[in-house]
Amino acid sequence: MFTVHLNLNTLSTKRVSLTSQIFFLMFFSLKFVFGPCALQALDLVDQRSVTCLSSSSGRKAFQVIGGSGRLYTCFVSCHYCPCPAFAYTVLRRNEGLLCKHILAVYLCQAIGVTQQESVSDQQIQVLWNERQEC
């Protein structure tokens, strides 16, 4: 028979250390895949800048408050954001997979910090029509 003595301070320190290592691995993975917009997207997540607008029929749009304070309405279902970076970097130059706003939407959904707001189908349709005018 043998006795195990645990030092809770050491165990807690190891847990924090492991959590930090996992965070840094995830951050560097995001940065490797998505480039410089990864850090900007994480900043938007940290600021709770993403709101999911959903209707009773299941239609969804996401509104993201950008770093400048401008509101962008993103449609993840068709991979669209009206920001200039999306139009230039993703669509025109084909140099990125997505912009910081869409990445922030995905990250917020993944960790469950998306703000929620119920809207009518008509409101979603108005947002969709505004998108088509861009």
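The values are calculated or read from the model by the stated rules, or taken from the named source; none is laboratory data. Not measured: the values here are computed from a predicted model. Because the Cβ atoms are built from the backbone with ideal geometry, glycine has one as well, and the counts that use them run over all protein chains shown. For accessibility, only protein heavy atoms count, side chains too; no ligands or nucleic acids. Shrake-Rupley method; radii C 1.70, N 1.55, O 1.52, S 1.80 Å.
Each residue in segment 124-134 was checked for being hydrophobic (A, V, I, L, M, F, W, C) and open to solvent by 70 Å² or more (accessible area, probe 1.4 Å), and 3 of them qualify.
Yes or no: ALA41 at pLDDT 90 or above, touching a helix residue (DSSP H, G or I) at 6+ places or on another chain (Cβ under 6 Å) and farther than 30 Å from GLN122 by Cβ? Break it down into steps so the answer makes sense when it comes.
Working: at pLDDT 90 or above: yes; touching a helix residue (DSSP H, G or I) at 6+ places or on another chain (Cβ under 6 Å): yes; farther than 30 Å from GLN122 by Cβ: yes.
Criteria met by ALA41.
Please work out which residue is surrounded by the fewest Cβ atoms within 10 Å (Cβ to Cβ), limiting yourself to segment 44-63 and to residues that are part of a strand (DSSP E or B) and among the small types (Gly, Ala, Ser). Selected residue: SER54.
Taking the criterion of being touching a residue at least 40 places away in the same chain (Cβ under 8 Å) and either under 15 Å from VAL33 (Cβ atoms) or of a type in the set (S, T, N, Q) (or both), the residues of segment 84-101 that qualify are GLY96, LEU97, LEU98, CYS99, LYS100. Of all the numbered requirements in (1) touching a Lys or Arg at 6+ places or on another chain (Cβ under 8 Å); (2) at pLDDT 95 or above, VAL50 misses one, and that requirement is (1). Modelled with pLDDT of 90 or more, more than 16 Å from LEU127 (Cα to Cα), open to solvent by 80 Å² or more (accessible area, probe 1.4 Å) and among the hydroxyl-bearing types (Ser, Thr, Tyr) - does that describe any residue in segment 19-34? No, because not a single residue in segment 19-34 is modelled with pLDDT of 90 or more, more than 16 Å from LEU127 (Cα to Cα), open to solvent by 80 Å² or more (accessible area, probe 1.4 Å) and among the hydroxyl-bearing types (Ser, Thr, Tyr).
The residues of segment 62-83 that are small (Gly, Ala, Ser) and in contact (Cβ under 8 Å) with a residue 24 or more places away in the chain, listed by number, are GLY66, GLY67.
Of all residues in segment 64-123, those being within 14 Å of THR51 (Cα to Cα), of a type in the set (A, V, I, L, M, F, W, C), open to solvent by 60 Å² or more (accessible area, probe 1.4 Å) and not in a helix (DSSP H, G or I) number 2.
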